[in-house]
Amino acid sequence: MYRKDAPLIVQSDGSLLLEVASPDAPAARDALVPFAELVKSPEHVHTYRITSLSLWNAAGAGVKLDDVLGSLSRFSKYDIPQNVAAEIREAFSRFGRLILEKDGGSLRLRAADDVTARQIAGSKRLAAYLGPRQGDSFLVAPEARGLVKQSLIHAGWPVDDKAGFADGAKLDVELREVTKSGRPFGLRPYQAEAVRAFVVGGHGVVVLPCGAGKTVTAMAAMVALKCNTLILCTSASAVHQWVREIEDKTNLTADQIGTYTANKKQLRPVTVTTYSMLVQKAKAGAKSHMQAFEESPWGFIIYDEVHMLPAPLFRLTAELQARRRLGLTATLVREDGKEPDVFSLIGPKRYDVPWKQMEESGWVARASCVEVRVPMPTATRIAVATAEDRRLAYRLAAENPIKFIVLKALVDSHANDRILVVGQYRSQVCMAAKLLNAPVVTGETSDAQREALYEAFRQGEVRVLVASKVANFSIDIPDANVLIQLSGAFGSRQEEAQRLGRILRPKDRPATMYSLVSHDSDEQRFAVHRQMFLAEQGYRYTIEDWNPSGPVDNESAYKDAIDVQATDADDDDSAMRLLN
């Protein structure tokens, strides 16, 4: 059957094509979000994909099989391919065939039938975590709750976790109507919807664009649950940002909020720490930090930037399964492909709003992305062309000294804007800061110095701030509206999303991200992946060639921008991990 005006095409490979110009496109988009992942959203046709994981996410969030098939039938131009309908039914049939529930002081994993129970009993991977088979069920030690779910998801068996959660100590927390800094405050409609969707299940992930207020959403969830809360984030800077936001927007007092970092270890009703603290070894004879966290009466754990949850922490996260868990992220993309682990250990995706939809509603800034292709001096081109080590060739191109000329010209052309300059390599960003006479933040900058610089930028005392890759995550500089990338981590989509997010807070000036890329190099080849990712998300992406006024080999034109670019071992190790 052919329906001319329907906006959707369901293809036999599980991809969905949505015609944006159709009057029914918004309704179709809303229907697809719960069970299909948005792959790309350029100008005219948006692409979604249905996978087992996207369908298990939907089932875990309460979406029914008939809702999925009904939505596809309603909006599709053609009949749903038979194999796609069969795969959808198969994925839904697997969710709910294994249920984890309480059984006295232990847990019990129940299989829906004898065949499923036999399959589980025969798994060598699960043998260490399951008790002997009793009918169609198995006893599970509470501490193995997460490990069992993680092992089963990798075997293609999602677990419906109904074992419940510890309530934790009660906490009287409310959101302010006027912030401590004196501004009117209230939840945006989508933030309230996200909280409602999360609270129903008690565990899961909320996906919102950078600048859309994920921190506020999490604080609203704290208010809904009213229990002691542990907040895990990526860095000490993020810790201080969370504390500042909680003090500003809730009724909690300073003595109710603790920070647990290398410099200060406070366990209070709301405690903010970093992922790295969970795995740090304690001094001889002392409790591990993880033990201290486990023994505290948390009822709620928030995972900030959950897509950054380090794989070594999966096992520790598995041991925190008795608490309600909320993951916050702007993108569920992981460069290591471990999205199923996030599903099994944190929970299903509960709420998701695409960047472009938020932009159209005015909740995040409209942004344009410009790739500036920069020529290399002859000496650099020769070094890049003859380098036997691919990583070295990439770095030589990334640190192309002519980029400093382009950088200076771009900064001068944005004289009335607030500019963040970021780069992958410490030597490069330090040289950029020297050239621009601007402050710089690197991994060696102390937490106190970082906070002072971020605050100076927020207050307008600093107009241009230069930073290394430490600026990729969880820094609060809402007034930045221009970002200039000197170099990046190869073709990392995750990094591109995070860096763009630094300028997406709504403001009355246009937001622009420049990426400086050395022409005819591996850096340009990797930039194609980043470019494609942004274009697929619907951002306006243009490519410009830099045309210098004089010959590029005239060293006097950029001699002030050249310095010894010493190899930084940490940078090289990072590059190796990303490349491999």
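The values are calculated or read from the model by the stated rules, or taken from the named source; none is laboratory data. Nothing here was measured: the structure is a model prediction, and the numbers come from that model. Cβ sites come from the backbone with ideal geometry, for glycine too, and all protein chains shown count toward neighbours. Please note that ligands, DNA and RNA were not included when accessible areas were found on the heavy atoms of the full protein model with its side chains. Shrake-Rupley method; radii C 1.70, N 1.55, O 1.52, S 1.80 Å.
Which of Phe138, Ala59, Val464 sits farthest toward the positive end of the charge dipole of the chain, with +1 on the Cβ of Lys and Arg and -1 on the Cβ of Asp and Glu?
Towards the positive end, the residue furthest out is Phe138.
Under 17 Å from a point placed 7 Å out from the Cα of Ile9 along the Cα-to-Cβ direction: which residues of the stretch 49-90 have their backbone N that close?
Output list for this probe position: 49-50, 73, 75-82, 84.
Which percent of the accessible heavy-atom area of the chain goes to carbon and sulfur, probe 1.4 angstrom?
Of the solvent-accessible surface of the chain, carbon and sulfur hold 51 percent.
Any idea what angle helix 569-579 forms with the longest principal axis of the chain, computed on alpha-carbon atoms, 0 to 90 degrees, nearest 10?
Computed tilt is about 60 degrees.
Per residue, how many Å² of accessible area does the chain show with a 1.4 Å probe?
The answer is 42 Å² per residue.
A 32 angstrom limit on the alpha carbon distance is what I want to check against. Which of Lys64/Lys226; Lys249/Lys403; Lys162/Lys226; Lys149/Lys356 exceed it?
Too far apart for the 32 Å limit: Lys249/Lys403; Lys149/Lys356.
In the chain, what percentage of the DSSP-assigned beta bridges are antiparallel, given to the nearest 5?
Here the share of antiparallel DSSP bridges comes out near 35 percent.
Heavy atoms only, probe 1.4 angstrom, no DNA, RNA or ligands counted: give me Val178, Val482 ranked by accessible area, highest first.
Greatest to least solvent exposure: Val178, Val482.
Taking only Cα atoms, what is the 0 to 90° angle, nearest 10, from helix 447-458's long axis to the longest principal axis of the chain?
Approximately 70 degrees, to the nearest 10.
Round to the nearest 10 and give me the degree value, 0 to 90, for the angle of helix 189-201's Cα axis relative to the longest principal axis of the chain.
Compared with the principal axis, the helix lies near 40 degrees.
Taking the Cα centre of the chain as the origin and placing charges on Cβ (Lys, Arg +1; Asp, Glu -1), which of Ala397, Gly70, Leu483 is farthest toward the positive end of the dipole?
Highest projection toward the positive end goes to Gly70.
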